[in-house]
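The values are calculated or read from the model by the stated rules, or taken from the named source; none is laboratory data. If you're wondering where the values come from, they're calculated on a predicted model, not measured in any experiment. All Cβ positions, even for glycine, are placed from backbone atoms using ideal geometry, and neighbour counts span all protein chains on display.
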Amino acid sequence: MNETTKNFFERLKSVFKNKKLLRGTRITYGVAWNLILLIMIVMIIGAGFAAGVGAGYFASLVKDEKIRSYKQMKKDIYDYEETSEIYFANQVYLGKLRTDLDREKITIKEIPEQLKHAVIATEDEYFYEHQGIVPKALFRAIFQELTNSSVQSGGSTLTQQLIKNQILTNEVSFDRKAKEVLLALRLEKFFEKDEILEAYLNVSPFGRNSSGQNIAGVLSASKGIFGVEPKDLNIPQAAYIAGLPQSPFGYTPFTNKGTIKENLEPGLKRMKTVLFRMHEEGYITTKEYEDALNYNIVNDFIEPLPSTIEKYPYLTFEVENRAIKLLAKILAEKDGLTENDLNENESLKDKYLTLADRDLRQNGYRIHTTIDKDIYDKMQEVKNQYDGYGPTFTKIVKNDEGIDEEVQEPVQIGAVLIENKTGKIISFVGGRDFNIEQTNHATRSKRPIGSTMKPLLVYAPAMEMGKLAPGSIIADTETGIRSDSGKPWPQNYVAGRYYGLVTAREALAKSHNVSAVKVYKDIIGQRPAAYLEKMGFSSVVEEDYQNYSTALGSLKYGATVEETVNAFTSFTNEGKFIDSYMIDRIEDHQGNIIYEHNVESVDVFSPQTAFLTIDMMREVFRSGTASSVPKMLKFSSDWAGKTGTSNDYKDSWLVASNPNVTFGTWIGYDQPKSLYSKAYGDYNVRNYKIWSMLINGAFDANPELINPKESFKMPGGIVKRSYCAISGKLPSEACARAGLVQTDYFNANFVPSEVDDSLIVSRYVTIHGNKYLALDSTPAEFSESGLMLNPDFINTIAGTSLQDIKQLIPEHSKLSSILVPYAKISDNGVAPATVNASINANTISWTPSSSNDVIGYRIYTHSGQKVDSVKADSGLTRSVGNGSYYVVAVDIAGRESAPSNIVKTGDIETDNNQEEDNEQTEEQNEESSNKEDAIENETPPTPEPDKERSQDSITESASGRKKY
């Protein structure tokens with residue numbers, strides 16, 4: 001130690017030995033220490049007071065927040081909206097239902113690590129360390145809020161954000177923030193970190209997808225922005241998605257129309273921020289970071305994807321409507337209400353439909369349908385390619401802004417394919433173009449169904465009642481009903497034409513309107529329209545029970561294609577109606593089945609009636625109105641069905657069944673107008689062609705379903721019997737001699753038991769071209785003998801409304817060899833009126849008698865010797881030899897008129913006696929003429945044929961009540 005250092009320590013030592021200095025230091029230290037203690041005490045007391053005040057304030061903010069249980073918390077955070085999905089049959093994915101928000105659920109195990117790291121690094125770097133809140137960040141956020149300073153970083157953890165999204169609101173207030181903190185702490189107590197992260201990644205908004213639709217959840221984001229599953233995201237893609245929740249619509253690359261934004265810089269800058277934080281937290285390497293920064297992510301933004309509605313509009317809306325109705329029923333049942341309760345209370349029904357609609361759009365249901373995707377797609381393709389519908393019209397309508405614009409009005413189509421045994425709707429065609437017309441013409445549009453109604457309402461019910469069989473004879477003659485214009489109603493396809501005596505089988509195959517109404521008149525008192533209600537027609541009203549026009553398809557409110565096709569399946573199911581359906585089952589987002597269709601049947605017809613109707617409808621394709629269809633098909637099947645046309649060519653129908661399926665089509669305009677068009681050909685054939693093309697397309701897609709190997713099976717209780725083709729009764733000898741014995745199927749309970757009495761062998765005479773039965777006193781020389789209809793049978797089958805008895809056996813009828821007599825003419829006891837004779841060379845002529853019952857004439861010589869007999873319809877002249885003659889008229893009773901004047905031929909002189917004889921004859925003629933009375937049963941006038949067009953048509957006003 002040197003001298004200087006030594007001196008320093010000595011001086012320092014002397015300082016500490018200075019008593020005055022030491023006393024002053026002690027005083028200063030004591031004061032300072034006491035002051036420090038005082039400050040510390042004050043601070044502790046102040047902090048405690050502040051903490052107490054803060055705690056009290058916090059308690060006051062959350063005092064109304066109920067303590068939530070684990071079960072309630074779980075329900076709250078996992079109860080997020082998820083888009084419902086539709087599936088074709090066999091679990092083939094179709095797409096999503098309409099919704100304002102596209103969201104799909106994903107589990108934490110399906111989310112890649114880089115996406116989780118990106119979100120945590122950006123939104124909550126201490127996620128795996130904190131217990132729900134980060135005090136430092138929370139205090140900073142509070143300070144910024146109190147001082148209104150600029151926000152440097154958020155104060156909410158992922159847990160808090162989840163609470164805000166799922167339980168609370170976005171309200172900016174201390175009240176909401178306090179509750180958020182409390183619930184975040186409680187949530188962390190109940191749930192694992194991965195559970196919280198999974199919920200957050202499923203609920204957070206992520207802007208818009210490439211279709212312009214709002215999206216939420218990372219699954220919808222990755223598929224809607226980049227077109228990949230989350231597991232396939234690369235680092236920059238994951239970073240881009242992770243950056244979106246801070247400002248979803250500011251950073252999203254798409255507009256609400258699905259186009260890419262012009263300014264993508266905000267989203268790209270945000271992505272780089274996320275990448276920086278991922279690198280800073282050590283989630284990615286420096287090379288990965290640099291590569292990601294240089295990656296051109298704009299190239300990964302996908303093109304707009306067609307939505308389910310755009311690709312399958314008719315199907316999507318139809319499934320949606322049906323699902324809402326099913327869910328409304330389920331929700332009502334949970335509240336103790338029945339379907340009838342809803343149907344009887346419109347406001348109640350509307351309430352549950354609204355709840356069901358909301359439920360469907362929020363809860364991620366999986367709706368499994370019966371629609372075969374391959375068949376459905378093929379039918380839409382065929383429908384779009386067919387160019388033979390008919391002319392398209394344009395009409396002027398006012399748009400929403402009140403401006404006139406042209407709108408296309410094409411021929412529309414509705415078609416439905418149903419599986420017989422289950423009622424499954426396999427496929428349908430809703431219309432030509434959803435953008436032009438949104439009405440589903442297969443399931444929603446109600447139209448007159450024309451003659452398609454005949455087997456449903458007329459022939460099958462009549463057979464069920466035992467009133468008819470395929471071989472029963474119907475008199476296709478005037479019904480006695482008149483339309484409003486006073487003309488006979490109904491008319492057959494060819495106006496004014498009647499087909500006479502036809503079998504029910506032929507009448508159905510050829511679609512004779514008059515025959516159908518004749519049968520319907522016989523059974524209308526038994527209210528056959530009840531059968532329609534059993535077969536699912538939903539709009540039958542009392543008026544339809546009473547009007548004859550219902551027999552020809554004129555329901556007051558019409559019927560849909562689905563209802564009509566569905567009704568025909570009753571015949572294929574041995575008379576049991578099975579309601580059609582499109583939704584097989586509905587599952588919730590957890591896979592629980594909340595609805596499953598149960599196939600039920602309703603007894604409508606006996607198996608025997610069902611088979612007989614099927615067998616009759618086979619003739620429609622063999623020789624009837626659809627006989628051209630089999631040649632259009634690329635496969636052969638046992639088809640049975642019916643065509644139909646409404647009034648004025650406005651609707652054309654074809655519905656047919658084979659043992660597996662029933663398929664029907666309708667074509668027409670939305671605003672009903674005639675389908676007639678020379679350029680496109682027969683309107684019915686146009687419908688038959690599209691029917692054939694559609695079923696051919698279905699065959700291409702699923703041949704086993706569309707073309708079964710088996711035919712319709714005949715049930716027990718069916719027998720084959722011979723019958724007379726005139727009466728439908730058991731054949732008589734006369735019927736057999738006429739070659740009119742036929743065979744057909746019968747219900748064993750209703751086989752004919754009476755022998756035919758429709759034919760007789762008898763004498764007849766011809767008066768004015770009409771045949772009458774001869775009397776016993778009718779001279780044989782003027783009568784003929786032959787096979788003819790029994791007048792009693794005529795009266796029974798034709799009734800008193802028959803205006804022209806020749807309608808029974810028209811020309812070219814297979815029965816034309818059978819004579820049709822009028823009833824017997826009774827003897828009026830008066831001799832016929834005298835005729836006047838004249839001579840020209842050796843030909844004698846005479847005027848016809850004015851009496852209506854004259855059957856012939858006799859020529860006598862002056863001496864009274866009969867020279868010849870001439871039938872009334874054989875001409876009024878005869879060649880004679882030289883001599884004097886007179887002529888008398890002969891009536892049906894054999895009574896002669898007074899002689900005519902005498903005429904002579906040759907050179908014989910007329911003497912005084914001859915003149916006297918002529919004068920006497922003239923006096924007798926005058927006397928006879930004075931005594932002549934009108935005879936009974938004059939020839940009925942032949943009505944003029946009605947030239948008004950008619951086809952498989954209906955007259956709306958022709959009802960039984962009005963016309964009788």
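Tabulated data for the structure shown
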item: Residue in region 205-218 that is buried (at least 21 other Cβ atoms within 10 Å of the Cβ), at positive phi and touching a residue at least 60 places away in the same chain (Cβ under 8 Å) present; result: yes
item: Selection count where residues are exposed (fewer than 13 other Cβ atoms within 10 Å of the Cβ) and either among the small types (Gly, Ala, Ser) or without any contact (Cβ under 8 Å) to a residue 12 or more places away in the chain (or both), scope region 386-420; result: 11
item: Residue in region 862-872 that is farther than 23 Å from residue 769 by Cα, touching a helix residue (DSSP H, G or I) at 6+ places or on another chain (Cβ under 8 Å) and not in a strand (DSSP E or B) present; result: yes
item: Residue that is touching a residue at least 12 places away in the same chain (Cβ under 8 Å), of a type outside the set (D, E, K, R), buried (at least 24 other Cβ atoms within 10 Å of the Cβ) and more than 20 Å from residue 455 (Cα to Cα), where the choices are 706, 726; result: 726
item: Neighbours by Cβ (under 8 Å, 6+ apart or cross-chain): first from region 806-820, charged (D, E, K, R); second surrounded by 14 or more Cβ atoms within 10 Å (Cβ to Cβ); result: 806/820; 814/725
item: Filter result for residue 371 (touching a strand residue (DSSP E or B) at 6+ places or on another chain (Cβ under 8 Å), crowded, with 16+ Cβ neighbours inside 10 Å, in a helix (DSSP H, G or I) and touching a residue at least 40 places away in the same chain (Cβ under 8 Å)); result: no
item: Neighbours by Cβ (under 7 Å, 6+ apart or cross-chain): first from region 255-273, closer than 16 Å to residue 303 by Cβ; second of a type in the set (Ser, Thr, Tyr); result: 258/210; 258/211; 261/255
item: Every pair of residues 6+ apart whose Cβ atoms lie under 6 Å, when the first sits in region 498-514 and is without any contact (Cβ under 8 Å) to a residue 40 or more places away in the chain and under 16 Å from residue 810 (Cα atoms) while the second is among the β-branched types (Val, Ile, Thr) and not in a loop (DSSP other than H, G, I, E, B); result: 502/474; 507/474
item: Selection within region 706-720 - in a loop (DSSP other than H, G, I, E, B) and of a type outside the set (Asp, Glu); result: 707, 708, 709, 711, 712, 713, 714, 715, 716, 717
item: Residues of region 374-422 satisfying the condition of being β-branched (Val, Ile, Thr) and either in a loop (DSSP other than H, G, I, E, B) or at pLDDT 95 or above (or both); result: 375, 382, 392, 403, 411, 413, 416, 418, 422
item: Every residue from region 594-639 that is more than 25 Å from the chain's Cα centre (by Cα) and part of a loop (DSSP other than H, G, I, E, B); result: 606, 623, 624, 627, 628, 634, 635, 636
item: Residue tally, condition surrounded by fewer than 21 Cβ atoms within 10 Å (Cβ to Cβ), under 46 Å from the mean Cα position of the chain (by Cα) and of a type in the set (S, T, N, Q), over region 229-260; result: 3
item: Count - residues of region 174-223 that are among the hydroxyl-bearing types (Ser, Thr, Tyr) and within 18 Å of residue 96 (Cβ to Cβ); result: 4
item: Any hit, region 741-759, residues being more than 22 Å from residue 726 (Cα to Cα) and crowded, with 19+ Cβ neighbours inside 10 Å; result: no
item: Which numbered condition residue 618 misses (of (1) under 20 Å from residue 537 (Cβ atoms); (2) basic (Lys, Arg); (3) free of Cβ contacts under 8 Å to residues at least 40 places away in the same chain); result: (1)
item: Residue within region 832-845 that is β-branched (Val, Ile, Thr), assigned to a loop (DSSP other than H, G, I, E, B) and either over 15 Å from residue 766 (Cα atoms) or out of contact with any Leu (no Cβ under 7 Å at 6 or more places or on another chain) (or both) present; result: yes
item: Restricting region 193-214 to residues that are under 21 Å from residue 157 (Cα atoms) and charged (D, E, K, R), the residue that is nearest to the chain's Cα centre (by Cα); result: 198
item: Any pair with Cβ under 6 angstrom, 6 or more apart, that starts in region 75-100 at a residue that is at pLDDT 75 or above and ends at one that is among the acidic types (Asp, Glu) and surrounded by fewer than 21 Cβ atoms within 10 Å (Cβ to Cβ); result: 96/85; 97/320
item: Count of residues meeting criterion [polar (S, T, N, Q) and within 12 Å of residue 206 (Cβ to Cβ)] in region 245-268; result: 3
item: Selection count, region 74-130, where residues are farther than 28 Å from residue 305 by Cα, over 50 Å from the mean Cα position of the chain (by Cα) and among the aliphatic types (A, V, I, L, M); result: 2
item: Region 523-549, subset without any contact (Cβ under 8 Å) to a residue 60 or more places away in the chain and within 18 Å of residue 465 (Cα to Cα), residue surrounded by the fewest Cβ atoms within 10 Å (Cβ to Cβ); result: 525
item: Test: residue in region 800-810 that is part of a loop (DSSP other than H, G, I, E, B) and touching a strand residue (DSSP E or B) at 6+ places or on another chain (Cβ under 7 Å); result: yes
item: Scan of region 453-489 for residues that are part of a loop (DSSP other than H, G, I, E, B) and at pLDDT 95 or above, ordered by number; result: 465, 466, 467, 468, 469, 470, 471, 472
